[in-house]
Amino acid sequence: MVIFKKIISPNYFLIKKFCFGLILVMTKYNHKKIEKKWREKWEKDKIYQPDLSLPAGRQGKDKKPLDKTRGKPFYNLMMFPYPSAEGLHIGNMYAFVHSDCYGRFKRLQGFDVFEPIGLDGFGIHSENYAIKIGEHIKKVSARTEKNFYKQLHMIGNQYDWSRTVETYKPDYYKWTQWLFLKMYEKGLAYRKEASVNWCGCCKTVLSDEQVISGKCERCETETEKKLMEQWFWKITDYAEKLLANLKVIDWSEEVKIGQKNWIGKSEGVLITFNLKPACRTGRSQNSNLKNIEVFTTRPDTLPGCTFLVLSPEHELAGLACRQAGKNLTAINPFNNKEIPIFTDEYVLYDYGTGAIMGVPAYDERDRVFAEKNNLQILEVGPEENKIGKKAVKYKLRDWCISRQRYWGPPIPMVYCEKCASTGSAQAGWVLVPEKDLPVLLPEMEDFLPDGSGKGPLNKIREFVNTKCPKCGGPAKRETDVSDPFVDSCWYYLRYLDAHNDKKPFDKLRVKKWLPVDMYIGGKEHTVLHLLYSRFVSMVLYELGLVPSEEPFEKFRAHGLLIRDGAKISKSKGNIISPDDYIEKFGADTVRMYLMFLGDMRQGGDWRDEGIIGVYRFLNRIYKLQSKVSNLKFQISPELEKLIHQTIKKVTEDLENLKFNTAISQLMILANEMEKEKELLKIDYCKLIILLAPFAPHLAEELWEQLGNKESACSEPVESVFKQKWPKYDPAKIKEDSFELIVQINGKFRGSISASKNLGQSEAEKMVLADEKLAKYLSGQKIKKVIFVKDKLINFVA
RNA sequence: GCCGCGGUGGCGGAAUGGUAUACGCGCACGACUUAAAAUCGUGUCCUGCACAAGGAUGUGGGUUCGAGUCCCACCCGCGGCACCA
């Protein structure tokens, strides 16, 4: 019996599987075959490569002339992924398909669309992942690159695959280092001491995101702050411009607010407090300071100032009181009263002047401090005064680009003692000249930090010991690598000239394509990537290398994709790999479901149950083809109107990135078309073009199949993406009748079909003539009638 | 604590101050089928026998002829920032 079961059961399942498969073939379109066919065709015909020739009239003799058949350049950019694990997850896809759908829409509208892709592979995420799985980062990167690109092919986006960039390849980071050169030459790169997070157990520097509530992410040891010399870029010089330009760029409002708050401009006053004369002659000999300057936005509260507080790093901090005492005192310039000076950590060294005036009556934190130290709280009213001078301060800090890690571009600087002593180089630091770039990231087996506090590159003597480019003497290389945000702040430029080893990007070419017309990405990048990119673009603009200060004309943030109401994360075990769904339902279904499940700006909730709806929809569209007739006949006016309404709605929704409602409108049209016995080919063609940005593979296939039949479509049979986006006829949408909403006391009681431009008295008569509606009014004393033309009538009793 | 975004059926989600719940999922019933799956059709916010009448957009107020939408206060969820004087 047991043996019998063993024999029969696999066969039984095989038979079942076969039958099921057969039915699938009969009732479903073959997405695997269709999608593979079109992916290959798109790539073979290089159909998505834009015209990157130089602007007309300015190209050299041997450059090919501008192809006039292509449209206006449209740079459609999406945030390139960082391959931190083996493969892309559905959250990455979420952003990419929306962006691609928009790009395809623009292509159909006749633009010459440039839509590139690449990998942001340098950085701590990738490095940590490699360390975690115990494999060398280079090996891991090679593997993830292959897999990421495979997945990105599968989703069917219209990428220009001839211009991919990977930030961790020498031909890319050579130019990241070049950017450092430019910054340094312009006086925007400098070195200073700054604190880093240090884990004493792992003996390594940690990034802020690796410190979870004061503890090391990996070993849970309490982290400490360690002062180290680091490289900075002077983004603060551009604070005002970064702020001011927010008014002219078309970006998601929330992101602009985020940047504004991050820049944190506040206008106030610098007030000088003289130290008490006795103090100066005494213990403050080692400081030249005769006074303390504070920054305040409330100079009118000066009368209530009863003490000063210095940050612990302040020059005079050592002399001030740690507890109530009178080591050092100052004079309040408003009332000449002597007030104590304290030191406390609640005052930040790098904001304002590193010193504040304590006004416990008006400031919550000052009051807490005063109460703790039993200080006087003076309840006096604010009073306008002219003490101090106006000043503007920003929260924005300079950008620390140093990373004491391995997986990044080495900062192209050399330290030369000889040049330092002769004063021929600023503090001994010498730039690696452009001709010697790239400074290659050396191969190393063990790229874990060595515990010295310096980066892992410090372990390689051959790398560190070098010749000074200036004097030729012995010198030492910088062993820090740069922040991955440096890689990503300029990648959109490199796409345009991805394989040029003579220069980072072509000036004329960027002139043709920049600024980026549409940039879609996550709002988690509100303040870092998006601010750094703007800053660097401003610098390049001043150098005359790019055509505009702002890199991204239009930016739209998308929301977070969650699953079953929860954030998608490994620990929750709810990670979705797009591959399985693409295998089962096809890329078109996955694309469309991602766009259908919610508003892009708000994010969405992926439910496995929901994807079937979109799958059914695409199959219905496929089957509709059998209703297409080659005969000419008059379609119903209702359907004709719906077609025009759909064109209008889908066009407007796509322009406003409302993909979800655009799809629902397509569903409405398809549902109506299904009810027809026959469809005009020209109408079905319109539906296919409208569908194309969402489900490109299926649209191409249907377009081709239509072309094999006779006539009707005026356009030649070719890629559907070479067709024109349909236009709607406003006259066909115009209604001559409408449903008059009837309200009694604001409550909906019914509606009457009426012709447009109906007058109020006419409308009242119609309501009274309606038995059902009139009964609501009988016995009521009507005080007032609100009449909104072509919309509603409201009787107020 | 501050800033931003949100809270609508069983679920994902629609709604220029004017018919709340489009579209989709699920569910129920029906058609096709020996049967199931697939597909198609009908119905589906709640209370009610009702095509009678009410009640529902986080809570409480307000403005308005009329509020999911505008204003005020509060509660909850998500994301970001942490003493920025």
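Listed values, structure above:
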read-out	value
Identity of the residue in the range A:604-628, among the aliphatic types (A, V, I, L, M) and more than 9 Å from RNA strand B (Cβ to nearest atom), that ends up nearest to A:Met592 (Cα to Cα)	A:Leu618
Where A:Lys554 falls short, out of the listed (1) in contact with a strand residue (DSSP E or B) (Cβ under 6 Å, 6 or more places away or on another chain); (2) within 16 Å of RNA strand B (Cβ to nearest atom); (3) closer than 27 Å to A:Trp262 by Cβ	(2)
Selection within the range A:434-467 - assigned to a helix (DSSP H, G or I), over 35 Å from the mean Cα position of the chain (by Cα) and loosely packed, with under 12 Cβ neighbours inside 10 Å	A:Arg461, A:Glu462
Of all residues making up the range A:345-386, the number that are surrounded by 13 or more Cβ atoms within 10 Å (Cβ to Cβ), within 14 Å of RNA strand B (Cβ to nearest atom) and farther than 23 Å from A:Glu313 by Cβ	5
Any hit, the range A:288-307, residues being over 43 Å from the mean Cα position of the chain (by Cα), among the small types (Gly, Ala, Ser) and either surrounded by fewer than 21 Cβ atoms within 10 Å (Cβ to Cβ) or within 11 Å of RNA strand B (Cβ to nearest atom) (or both)	no
Every residue from the range A:630-655 that is more than 25 Å from A:Phe694 (Cβ to Cβ) and not in a helix (DSSP H, G or I)	A:Asn630, A:Leu631, A:Lys632, A:Phe633, A:Gln634, A:Ser636
Residue in the range A:227-248 that is surrounded by fewer than 18 Cβ atoms within 10 Å (Cβ to Cβ), outside any helix (DSSP H, G or I), within 21 Å of the chain's Cα centre (by Cα) and in contact (Cβ under 8 Å) with a residue 60 or more places away in the chain present	yes
The range A:574-586, subset under 21 Å from A:Gly559 (Cβ atoms) and not in a loop (DSSP other than H, G, I, E, B), residue modelled with the highest pLDDT	A:Tyr581
Verdict on A:Asp579 being acidic (Asp, Glu) and touching a residue at least 60 places away in the same chain (Cβ under 8 Å)	yes
The range A:308-344, residues that are surrounded by fewer than 16 Cβ atoms within 10 Å (Cβ to Cβ) and at pLDDT 90 or above	A:Asn335, A:Asn336, A:Lys337, A:Glu338
Selection status of A:Glu185, more than 24 Å from A:Tyr351 (Cβ to Cβ), modelled with pLDDT of 80 or more and within 12 Å of RNA strand B (Cβ to nearest atom)	no
Residue in the range A:470-477 that is part of a loop (DSSP other than H, G, I, E, B), more than 33 Å from the chain's Cα centre (by Cα) and closer than 19 Å to A:Tyr190 by Cβ present	yes
In the range A:669-706, residue surrounded by the fewest Cβ atoms within 10 Å (Cβ to Cβ) [restricted to those that are within 15 Å of RNA strand B (Cβ to nearest atom) and under 22 Å from A:Ile155 (Cα atoms)]	A:Leu687
Contacts under 8 angstrom Cβ, first residue in the range A:256-269 being over 13 Å from A:Asn245 (Cα atoms), partner in a helix (DSSP H, G or I), 6 or more apart	A:Gly258/A:Lys523; A:Trp262/A:Leu531; A:Lys265/A:Ala239; A:Lys265/A:Glu240; A:Lys265/A:Leu243; A:Gly268/A:Pro299; A:Val269/A:Pro299
Scan of the range A:632-668 for residues that are of a type in the set (Lys, Arg) and within 16 Å of RNA strand B (Cβ to nearest atom), ordered by number	A:Lys641, A:Lys648, A:Lys649, A:Lys658
Residue match in the range A:505-519 (condition: part of a loop (DSSP other than H, G, I, E, B) and hydrophobic (A, V, I, L, M, F, W, C))	yes
Residue selected from the range A:587-601 under the condition surrounded by fewer than 24 Cβ atoms within 10 Å (Cβ to Cβ) and outside any helix (DSSP H, G or I), by the criterion farthest from RNA strand B (Cβ to nearest atom)	A:Arg601
Hits in the range A:514-547 - residues which are within 17 Å of A:Tyr102 (Cβ to Cβ) and either away from RNA strand B (no atom under 16 Å from the Cβ) or among the β-branched types (Val, Ile, Thr) (or both)	A:Pro515, A:Val516, A:Asp517, A:Met518, A:Tyr519, A:Ile520
Where A:Ala420 falls short, out of the listed (1) hydrophobic (A, V, I, L, M, F, W, C); (2) in contact (Cβ under 8 Å) with a residue 12 or more places away in the chain; (3) in contact with a helix residue (DSSP H, G or I) (Cβ under 6 Å, 6 or more places away or on another chain)	(2)
Pair list, Cβ < 6 Å and 6+ apart or interchain, from the range A:63-90 residues that are over 24 Å from A:Leu514 (Cα atoms) and modelled with pLDDT of 85 or more to residues that are of a type outside the set (Phe, Trp, Tyr) and crowded, with 22+ Cβ neighbours inside 10 Å	A:Pro83/A:Leu119; A:Pro83/A:Gly121; A:Pro83/A:Thr144; A:Ile90/A:Pro578
Subset of the range A:607-625 [farther than 23 Å from A:Glu700 by Cα and either buried (at least 23 other Cβ atoms within 10 Å of the Cβ) or of a type in the set (Gly, Ala, Ser) (or both)]	A:Gly610
Residues satisfying the stated conditions in the range A:322-377, i.e. of a type in the set (S, T, N, Q) and within 18 Å of A:Gly268 (Cα to Cα)	A:Asn332, A:Thr353
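The values are calculated or read from the model by the stated rules, or taken from the named source; none is laboratory data. This one's a predicted model, so the numbers in the text were calculated from it and none came from an experiment. Positions of Cβ are backbone-derived with ideal geometry, glycine not excepted, and every protein chain shown enters the neighbour counts.
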